[in-house]
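> Supplied in structure tokens, the structure appears directly below.
Just so you know, all these numbers are worked out from the coordinates, no wet-lab data involved. Note that the structure is predicted; figures quoted are calculated from it, not measured. In this analysis, Cβ positions are derived from the backbone assuming ideal geometry, glycine residues included, and neighbour counts consider all displayed protein chains.
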Amino acid sequence: MGDEAKRFAGVDTTTPNLARMHDYFIGGKDNFAADREAAEAVLAIAPEVRVMAQEHQAFHVRVVRYLVDQGITQFVNLGAGLPTELNTHQLARSLVPEARVVYVGDDPVVLTHGRALLARQPGIAVVEGDVMHPADLLADPVLRQTIDLGQPVAVLLFAVLQYIADSSDPFRRVAELRDALPAGSHIVITHVVFDARPEIAEPIVDLYRKFLGDVEGVARTREKVSTFFDGLELVEPGLVYVRDWRPESPFAAERSDKAWVIVGVGRKT
């Protein structure tokens, strides 16, 4: 990891990072000792988190396929993690080669890694931003060069909103983003909920607060998360556990609540 740390000179490798923790959960190698320590502490409380990360990746494949089927060829992926083998642009372009994708993040490692890997691919860009500043994000010149905001766009909010407290009013920010998108656009949200396992909510949130001091863990319920879809048409099967969203096999949804991640796709009419 010494060589890897040198590659990310100027980045704090002693503080856990959400993107790198997720990378560890899915078996990646772009993580540091601090990330692994934090991830293992989470797994000690909820060992199913690793399976949840894998289920989330599988949902990513299914939802991109669905969106392309709806005629969507433009994607804005907010809170993008480290590049993996299942990137949005790879999934979309395997179905429609002219798909255009903008990855949005505020983590230096993610931005550096993404720009290095994607710099020479036309129609794909990496920009700095977040969901809490939608007007600034949509005004970004690189995003505007890549995405035609006069045509439908899919905005992917994967595991982003669960770290933003109600006091910061993420509901209003998502509504602002929704209002700025053209009709036919879709907003995809994935969010951890603790309805099925309320006993681990406090320990998990406390861990994230301990390791990620600048990130607020939020224990929302499914009902609360549904508020993010106000003003959108929630497509079938609605806001459901990740394994229940258009599974490829009827057996895939068995004990879906064990995943305790819910997902939904809202369409702007």
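> Quick one: putting +1 on the C-beta of Lys and Arg, -1 on the C-beta of Asp and Glu, what dipole do you get for the stretch 34-80 around its Cα centre, in Debye to the nearest 20?
On the way: 4 positive and 6 negative charges, 42 e Å.
Computed about the Cα centre, the dipole is about 200 debye.
> Considering the Cα trace of the stretch 141-231, what is its radius of gyration and what is Dmax, both in angstroms?
Calculated on Cα positions, Rg and Dmax stand at 15.4, 47 Å.
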